[in-house]
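Read the figures in this text as sums done on the coordinates, not as results from a lab. Worth saying up front: this structure is predicted, and the values here are computed from it rather than measured. Cβ placement follows ideal geometry from the backbone for every residue including glycine, while neighbour counts extend to all protein chains displayed.
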Amino acid sequence: MPWLLLIITLVLLCFGFVLIFGAPYLPTLDEQVRVSLDLLDLKPGETMLELGCGDGRVLLAAAARGWKVVGYELNPLLALISWLRTRKYGSKVEVHLGDFWRAQWPPAEGIFGFILPKYMKKLDKKVMQECSKPVKVVSFAFAIKGRRPTTEQSGVFLYEYR
């Protein structure tokens, strides 16, 4: 019984801790994953960042397309799950345990995010700060206020930064 209580406490801490710094874990639906990756339209070998990679489902779908993918996850339990699920792709997938707001992002041609509306302006600034070459950004569910999307499909917004 003490082990069960300990496990429940650890899980609650992992998920509760993240709420202080950002969004809760909500898995992206398969249709929105497909639409997002189609809108990014990267070539095999190009790099996509996922900001808050959760259980790894977007990383898996992107790696299956031949893309190099880098995911950031603040929740240690979800980062572990992502890492375990994506191991079959070897060096094509990196999962970083940490806060993507504080990280220096590697060069990428595409970025995927499912980020709450109150953080979208901060995302816009971070993309402009971190990305020195053109990059496409897809945002599931929430638009970047003050920036016109290139296109919107099935609740996914595509932005192109030059």
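Structure above, values below:
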read-out: Label-point separation, residue 34 to residue 64 (7 Å along Cα→Cβ), nm; value: 1.0 nm
read-out: Under 19 Å from residue 92, Cα to Cα: lysines that are on another chain or at least 8 residues apart; value: 43, 68
read-out: Between helix 2-21 and the chain: long-axis angle, C-alpha atoms, 0 to 90°, nearest 10; value: 30 degrees
read-out: Relative packing of peptides 72-78, 116-122 - highest average C-beta neighbours within 10 Å first; value: 72-78, 116-122
read-out: Exposure proxy order (Cβ contacts within 10 Å, fewest to most) of 111, 144; value: 144, 111
read-out: Spatially proximal lysines relative to residue 122 (Cα-Cα < 20 Å; intrachain offsets below 8 disregarded); value: 133, 136, 145
read-out: Cβ-based net charge around residue 69, under 9 Å, with every Lys or Arg adding one and every Asp or Glu removing one; value: 0
